[in-house]
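Asks: Quick one: the structure is below, questions incoming.
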Amino acid sequence: MPAALPLIDATSPLCCPPIGACCREVEDRRADAAQIAARLRALGDARRVELLMVLGQSTPHEISTSRAAEELGVSDATASHHLSALAEAGLVSRRKEGRAVAYTLQSGALTALTAALDAHCCDEACTCATA
């Protein structure tokens with residue numbers, strides 16, 4: 001059985017400087033790395049990436065557990081597991097509607113993740129003595 005994802009603060013968006021940013025304290029760098037790694041682990045499953053693709057193509061970027069199961073060709077329990085992993089990583093949000101749960105794409109989280117992984121996005125802006 002795979003290890004559980006570590007608990008991260010998914011209530012606020014990923015907000016760390018890019019990997020190539022300078023002037024980072026070791027503690028901040030480690031905390032940022034843990035946040036990025038948790039999100040990447042959630043994306044380490046092809047079905048979860050597929051769910052994000054389905055969410056990105058649907059309007060209003062929302063999906064129910066049963067529709068997710070239908071799209072993936074899996075049981076509701078399996079779809080729920082994958083959607084929960086994405087929610088814990090802050091990549092989707094969930095909202096209860098009676099007994100059903102609706103999941104919404106957090107496109108800002110994906111944008112922040114890609115920006116954090118861009119090692120060259122702020123090369124010119126760096127003013128550190130070590131740069």
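The values are calculated or read from the model by the stated rules, or taken from the named source; none is laboratory data. None of the values given here were measured: they were computed from a predicted structure. Glycine gets a Cβ as well: all are built from the backbone with ideal geometry, and neighbour counts include every protein chain shown.
Condition check ((1) farther than 23 Å from T111 by Cα; (2) at pLDDT below 95; (3) β-branched (V, I, T)) across all residues:
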{"position": "E50", "(1), (2), (3)": "no, no, no"}
{"position": "G56", "(1), (2), (3)": "no, yes, no"}
{"position": "P60", "(1), (2), (3)": "no, yes, no"}
{"position": "S66", "(1), (2), (3)": "yes, yes, no"}
{"position": "T78", "(1), (2), (3)": "yes, no, yes"}
{"position": "H82", "(1), (2), (3)": "no, no, no"}
{"position": "E88", "(1), (2), (3)": "no, yes, no"}
{"position": "L91", "(1), (2), (3)": "no, yes, no"}
{"position": "R99", "(1), (2), (3)": "yes, yes, no"}
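Asks: Inside the range 33-105, counting only strands (runs of 3 or more DSSP E) that do not spill past its ends, which hold 2 or more residues that are closer than 30 Å to A119 by Cα, touching a residue at least 60 places away in the same chain (Cβ under 8 Å) and within 15 Å of the chain's Cα centre (by Cα)? Give the steps one after another, and end with the answer.
Replies: Details: elements: 62-64, 92-97, 100-105.
Hits in the range 33-105: none.
Asks: Let me ask something additional. Assess whether L113 counts as being modelled with pLDDT under 90 and either part of a helix (DSSP H, G or I) or within 17 Å of V54 (Cβ to Cβ) (or both).
Replies: Values: modelled with pLDDT under 90: yes; either part of a helix (DSSP H, G or I) or within 17 Å of V54 (Cβ to Cβ) (or both): yes.
When the stated conditions are applied, L113 passes them.
Asks: Here is a further query. Conditions: (1) touching a strand residue (DSSP E or B) at 6+ places or on another chain (Cβ under 6 Å); (2) of a type outside the set (F, W, Y); (3) surrounded by fewer than 15 Cβ atoms within 10 Å (Cβ to Cβ). S64 meets all but one. Number of the miss?
Replies: With respect to (1) touching a strand residue (DSSP E or B) at 6+ places or on another chain (Cβ under 6 Å); (2) of a type outside the set (F, W, Y); (3) surrounded by fewer than 15 Cβ atoms within 10 Å (Cβ to Cβ), S64 is out only on (3).
Asks: Another question about this same structure. Looking at the structure I just gave you, is A10 modelled with pLDDT under 80 and either crowded, with 18+ Cβ neighbours inside 10 Å or not in a loop (DSSP other than H, G, I, E, B) (or both)? It would help to see each step written out before you state the result.
Replies: Working: modelled with pLDDT under 80: yes; either crowded, with 18+ Cβ neighbours inside 10 Å or not in a loop (DSSP other than H, G, I, E, B) (or both): yes.
So A10 passes the test.
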